[in-house]
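A short worksheet on the structure shown next.
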Amino acid sequence: MGGYLSKSSTSSTETVAAKSHSYLLESPTETVAAKLQSYLLVAAFDFGTTYSGYAFSFRDDPLKVQTNHNWYSGGAGKLISLKTSTSVLLNTDGKFDSFGFEAEDRYASKAEDGEHKGWRLFRRFKMVLHNNKDLSRATTVKDMEGNSYPALEIFSMAIKFLQKHLLDSLANQVDGIKENDIYYVITVPAIWDDNAKEFMRMAAEEAGLDGTRVKLALEPEAASIWCEALDVDIQHKMAGIGTQYMVIDLGGGTADISAHEKNDDGTLKEIHKASGGPWGGIYVDDNYLKFLEQILGEKVITELRTKEMTDFFDLISEFETKKRNFKSTSKDKVTFRICTSTRSLCKQITGQEFEERLAASKYSNSVIVNGGDKLRVEPDIVKDWFNGPINNLVDHLKSILKEPKLKTVQTIVVVGGFGESTYVQERLRGEIPDKRLIVPADAGLVVLKGAVRFGHNPAIITSRVMKYTCGVGGIGIFDAKIHSEDKKYFDKDDGKWWVRNCFDVFVRVNKDVPIDFQITQEFIPTAYKTTSPIYRTTAENPVYVTDPGCELLGKLELELPRDIPLSELDHDITFLFGGTELVVKVRVRKTGQEKILKLNCLK
């Protein structure tokens, strides 16, 4: 496929009949709404870095959202979370065995019995999709022992498990529910690139989900939607028409931030492009483990992680509880349990007792061992474990809150598992004292429940702010005020000067775009099968697709029906911006036939 303006082609496979313009083919949002009427329920999967879960509600009572309450960990011997661990276990044949706490417990049990050889456990692998420019179908993730495996298969196994668990749960409470009665929503960070979103959709389809019944929901946006259904006090603070507020989704891997304004009809519009970074709770966990390594040595922690897994998972589980309850005002030492295997490994590997290692470390005056099995740590040390990710988050928040679009924002809603941390909440209140901070009950489930509501009513979000300027490369008429002399060339046929690699802009960064905003191009084809690159940049007014910062968003693949003469296949290509995913459609004028085109964002 060629360019998008007259004479604006980077290849010669097509000639464009007219300039681009916008007109309505159909309203995809209305189409989705019509389709939803044929489904009995909406189910959402929240696929987190640390924990995952699902929720659902029926069409006749969409606000009655149900979640699974039976995620148990055998290691801890009690219900730990309303979600389960994002962990996948493969057997010795490389086939799926189990997911979640069950996967961790089975692998730990086998390791204790020396029977884990050939078994493979994958944990916290979602971050492979964050800001990964090289993401492809061939991308791999590593298991507990550092061995690689195709990431797409691991993600699809996890989604397939959640789907099966959902179907089993439904079968136990409702008769006659069929799989095709369900419309699925999968949550993704708003800060993810298009290639990561495409990867997640591909994983869902690899898991057997029908892609026409799958919609992606942006995590902080879903949280914002659920805030409309929360208790009266929160609703009151966010109820006014024109009210602007920010949502921070603090999960295990990322901090994901969006800002919304309430419209007259109760719908929401985004007022600032999504932002955030890798500032989630797993980085506090990492700092805790590094602290232990500084005392015991890296080899001891590695052996604990790979050989004494039950104790390792219990260590992480206990830390999760302490992490959520730790306070910035705490003056007392914080107690962490030292398991017997940690002591044994310390003596076995280093030749020293735990107390000897501690006395020789930099923590000799700030950490003590009490009763032989308790590690007592000064609160300032614990604060240091939090401060890296939290300082990054606070600096980012202060920066964007200064922007004109956000100056009237008075309320910040904090959700996500890491958002339940008392220390995090206290730091945010202290650092941004002029804002009202709201932490809903069960903050770790808010995204999941909001995703269900979004699935029932996608039109609740009316507009989004573009994160990038998007467009195509083409050939433009030379303008001395814009273009460099060395880039122009002369066309003998029309007697004009032209410039190659011009950036033909469809939408611009930071602009408000209605949901399903459409740009349509008219084409006269010269080939049945073509491919064309789509570009993006954070610059508002790019000149060339070769400018610094311009990058390939994806390649648009088009194949026209071969049973019709090429001369009769004039067609329109429509780009729909403003949704959770970029959608591209083709419509053959002669037949009226329409279909979704494939925009390949993966390498």
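Values computed for the structure shown
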| read-out | value |
| --- | --- |
| Amide H within-cut-off set for residue 462, under 5 Å, with H built and near neighbours excluded | 268, 269, 270 |
| Size of charge dipole - segment 282-383 - debye, nearest 20, with Cβ of Lys, Arg +1 and Asp, Glu -1, no other charges | 280 |
| 11 Å beta-carbon shell around residue 250, net charge (K/R +1, D/E -1) | -4 |
| Value of relative contact order over segment 282-383, rounded to a whole percent, pairs C-alpha under 8 Å and six or more apart | 31 |
| For segment 32-230, share of DSSP beta bridges that run antiparallel, in % to the nearest 5 | 70 |
| Qualifying trypsin sites (Lys or Arg not before Pro) for segment 83-148 [loop in DSSP, other Cβ within 10 Å: at most 11] | 95, 117, 133 |
| Estimated FRET transfer efficiency (residue 325, residue 147; beta-carbon r; R0 25 Å; 0.05) | 0.10 |
| Segment 460-497 and segment 413-440: distance between their alpha carbon centers, rounded to Å | 45 |
| Residue-span extension gain [residue 205 to residue 431] - 0.36 nm each, minus C-alpha spacing | 77.0 nm |
| For segment 179-191, 3J(HN,Hα) per residue [Karplus equation, 6.51 cos²θ - 1.76 cosθ + 1.60, θ = phi - 60°, Hz, x = Gly/Pro] | 4, 7, 7, 10, 9, 9, 10, 10, 7, 9, x, 5, 7 |
| Pairwise Cα inverse-distance average, inverted: Kirkwood Rh of segment 506-590 (Å) | 14.6 |
| Pairwise FRET efficiency - residue 133 versus residue 593, Cβ, R0 = 45 Å, nearest 0.05 | 0.80 |
| Distance (nanometres) between label positions extended 7 Å along Cα→Cβ at residue 92 and residue 562 | 4.8 |
| Mean ellipticity per residue at 222 nm, deg cm²/dmol - from DSSP H runs of n ≥ 4 across the chain, formula -39500 (n - 2.57) | -9000 deg cm²/dmol |
| Neighbourhood net charge (13 Å Cβ-Cβ; Lys/Arg +1, Asp/Glu -1) for residue 224 | -2 |
| For 57, 136, order by how many other beta-carbon atoms lie within 10 Å, fewest first | 136, 57 |
| Which listed pairs, of 307/347; 327/398; 126/435; 290/374; 197/598, have C-alpha distances above 20 Å, in listed order | 327/398; 126/435 |
| Cβ-Cβ FRET estimate between residue 334 and residue 109, R0 fixed at 41 Å, reported to 0.05 | 0.85 |
| Note, ³J(HN,Hα) from phi for segment 323-335, Karplus 6.51, -1.76, 1.60, rounded to Hz, x at Gly and Pro | 4, 6, 9, 5, 10, 5, 8, 4, 10, 8, 5, 9, 9 |
| Rg in Å to one decimal, and Dmax rounded to a whole Å, for the chain via C-alpha atoms | 26.8, 91 |
| At 0.890 mPa s and 25 °C, Stokes D of segment 32-230 from Kirkwood alpha-carbon radius, µm² per second | 138 |
| Pairs of lysine residues in segment 440-568 - Cα separation under 18 Å, sequence separation of 8 or more or cross-chain | 5 |
| Calculated from backbone phi, Karplus (6.51, -1.76, 1.60) coupling profile of segment 198-213 in Hz, x at Gly/Pro | 4, 4, 5, 5, 4, 5, 5, 6, 5, 6, x, 6, 6, x, 6, 10 |
| Total formal charge among the other residues, if their Cβ is under 14 angstrom from that of residue 91, Lys/Arg +1 and Asp/Glu -1 | -1 |
| Extension gain (nm, one decimal) between residue 459 and residue 492, 0.36 nm per residue minus Cα-Cα | 6.8 nm |
| Cα-based Kirkwood hydrodynamic radius, segment 97-145, one decimal, Å | 12.4 |
| Cβ-based exposure ranking for 583, 300, 446, 472, in which fewest neighbours within 10 Å come first | 583, 300, 472, 446 |
| Where N is the number of residues in segment 282-383, Cα Rg divided by 2.2 N^0.38 Å | 1.01 |
| Cβ-based exposure ranking for 349, 400, 438, in which fewest neighbours within 10 Å come first | 349, 400, 438 |
| Stretch gain in nm, segment residue 407-residue 355, where the contour uses 0.36 nm per residue and the Cα spacing is subtracted | 13.4 nm |
| Qualifying GluC sites (Glu not before Pro) in segment 348-414, DSSP loop, other Cβ atoms within 10 Å at most 15 | 353 |
| Given charges at Cβ of Lys, Arg, Asp, Glu: segment 282-383 dipole, positive-most of 367, 351, 304 | 367 |
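Read the figures in this text as sums done on the coordinates, not as results from a lab. Note that the structure is predicted; figures quoted are calculated from it, not measured. Please note: Cβ atoms are built from the backbone with ideal geometry, for glycine as well, and neighbour counts cover all protein chains shown.
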